[in-house]
Every structure is written in structure tokens, then in C-alpha cells.
1. Any residue in the range 73-91 that's open to solvent by 80 Å² or more (accessible area, probe 1.4 Å): show its pairings with residues that are polar (S, T, N, Q) at Cβ separation under 6 Å, as long as the two are six or more apart or on different chains.
2. So Tyr133 ticks every box in (1) in contact with a Ser or Thr (Cβ under 9 Å, 6 or more places away or on another chain); (2) open to solvent by 30 Å² or more (accessible area, probe 1.4 Å); (3) of a type outside the set (Asp, Glu) but one. Which box is left unticked?
3. For the range 106-175, which strands (runs of 3 or more DSSP E) that fit wholly inside it have 1 or more residues that are within 19 Å of Met92 (Cβ to Cβ)?
4. Kindly indicate whether any position in the range 148-159 is free of Cβ contacts under 8 Å to residues at least 24 places away in the same chain and within 24 Å of the chain's Cα centre (by Cα).
5. Could we say that Gly103 is of a type in the set (Gly, Ala, Ser) and closer than 14 Å to Ala59 by Cβ here?
6. Among Asp139, Asp156, Asp163, which is modelled with pLDDT under 95 and either open to solvent by 30 Å² or more (accessible area, probe 1.4 Å) or of a type in the set (Val, Ile, Thr) (or both)?
Amino acid sequence: MKTPHNSTLFSTGTHCMVILWVAVAIGAVILPSCSGHNKKDTDSLTEIHNAPHADNDIAMTIRSIMDAMTVDQPLDSAEYTYQGILTDGQGMPLYTDIQGAPGQWSVEVLSPTRARIKNLYLGDLIPEELTQYLLQSLDIPDSVMVKEGSPLNMPDAEVAIYDFGPGQIIFETLTAKTETGHSGPLINILLLKKPHVDIPT
């Protein structure tokens, strides 16, 4: 480090002042850097805590019900009944309601052989995207579609029925409107176990 002094010998007092000045200068550089680093870490933690997250993937919920039907296990309301947020495979809520909150769903067991999943509120849910996500996740091909169209008594509704062996999964979509004029889809996903048919021997 260059100094304005021509002599190569320094007094003890001058030497100590130089060391003190260097220490202060280094501290002035390091402290803002550390402070900025800690702020970035804090911001990152805040972003992680604020990220949407839910544990109930709708595809996994339906898969569990289908598996129970496949092994002839009666559906237990204590095990499957649920009301809250359902998500996609990335843990993101399936829709946002008209109030801007994550969309709520209801999962209910109607009988030991029937279950229903439905959205509770209107929002930005896109039925076609949800149906495609579920069919792909559940390995249900279009070739097992039993019926598609609008019921005669419900021209505004769309129904698609798929066969998965021991049961059927039915997608019912109806456009609804609130008193304030907001409109959106209401989706019912019904899972029905087929009755046993004894073949005469």
C-alpha cells in the first residue's frame, strides 16, 4: 500500500492509525455487503412462506377412491370427506374464486359405492383443462368414454361419462351466475361403482 511518507520507518502512533483506518474501511465495505445478503435471504424466505401450497391433489384423491372400488372396499366417509382447497400436481389451487381466494372444494361419500367432488364457489375454473388433467393423470383414455353431451332436461349442462372397469367417472359441468352478475362453471365429478353381476354357471 502506497503512502505519502518518504521515509520507510513510521512511528508507532502513525502505524496504529493506518491499521485502524484500514480496519474501518474494510468494515464499511463488508457490513453493507453482509446486510444486503441477509436481506436477500430474508426476502427469499418470505417468498417461500407466501407461495401457495396445499397437500390435496385432486387426481390423487380420485385415484384413491377408484382404487377402493377396484378392490371392493366400501367408501368410508370418515376417510374421504373433505372441504377445502384441492390442487393440481404442482400443489397449486385449481381455481381462484370471485373474491380472489383459492377455490374451495367438497369431497363427500354419498354411499359405500358412490362419491362426489364439486367446487363450492364460482371462479376462473376451466372445466376442459381440469378434465384433461384428470384423464391424463388417471390414465383414462378417450376410448373408454361411454357418453358425452347435454341431458334433455338440462340443455345448459355438459356431461361426459368414462368407464374405468369396476366403476364409472362422470363429469357434469353447469354454468351458473351469482346475484351480482358473476358467472362461472360448477363441476360435479361423480364416481360410481358398478353393481356386481353374478354369471350363472
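The values are calculated or read from the model by the stated rules, or taken from the named source; none is laboratory data. Since the structure is predicted, the reported quantities are computational estimates derived from the model, not experimental observations. Every residue, glycine among them, receives a Cβ derived from its backbone with ideal geometry; neighbour counts consider all protein chains shown. SASA here: full protein model, heavy atoms, side chains in, ligands and nucleic acids out. Shrake-Rupley method; radii C 1.70, N 1.55, O 1.52, S 1.80 Å.
1. Filtered contacts from the range 73-91: Gln83/Ser106.
2. It is condition (1) that Tyr133 fails.
3. Working: elements: 114-119, 145-149, 157-163.
Those strands (runs of 3 or more DSSP E) span 114-119.
4. Step one: filter the range 148-159 for residues free of Cβ contacts under 8 Å to residues at least 24 places away in the same chain, giving 148-157, 159.
From the residues that got through so far, the ones that are within 24 Å of the chain's Cα centre (by Cα) too are none.
Scanning the range 148-159, I find no residue that is free of Cβ contacts under 8 Å to residues at least 24 places away in the same chain and within 24 Å of the chain's Cα centre (by Cα), so the answer is no.
5. Working: of a type in the set (Gly, Ala, Ser): yes; closer than 14 Å to Ala59 by Cβ: no.
For Gly103, the condition - of a type in the set (Gly, Ala, Ser) and closer than 14 Å to Ala59 by Cβ - is not met.
6. Values: Asp139 fails: modelled with pLDDT under 95; Asp163 fails: modelled with pLDDT under 95.
Testing whether each residue is modelled with pLDDT under 95 and either open to solvent by 30 Å² or more (accessible area, probe 1.4 Å) or of a type in the set (Val, Ile, Thr) (or both) leaves just Asp156.
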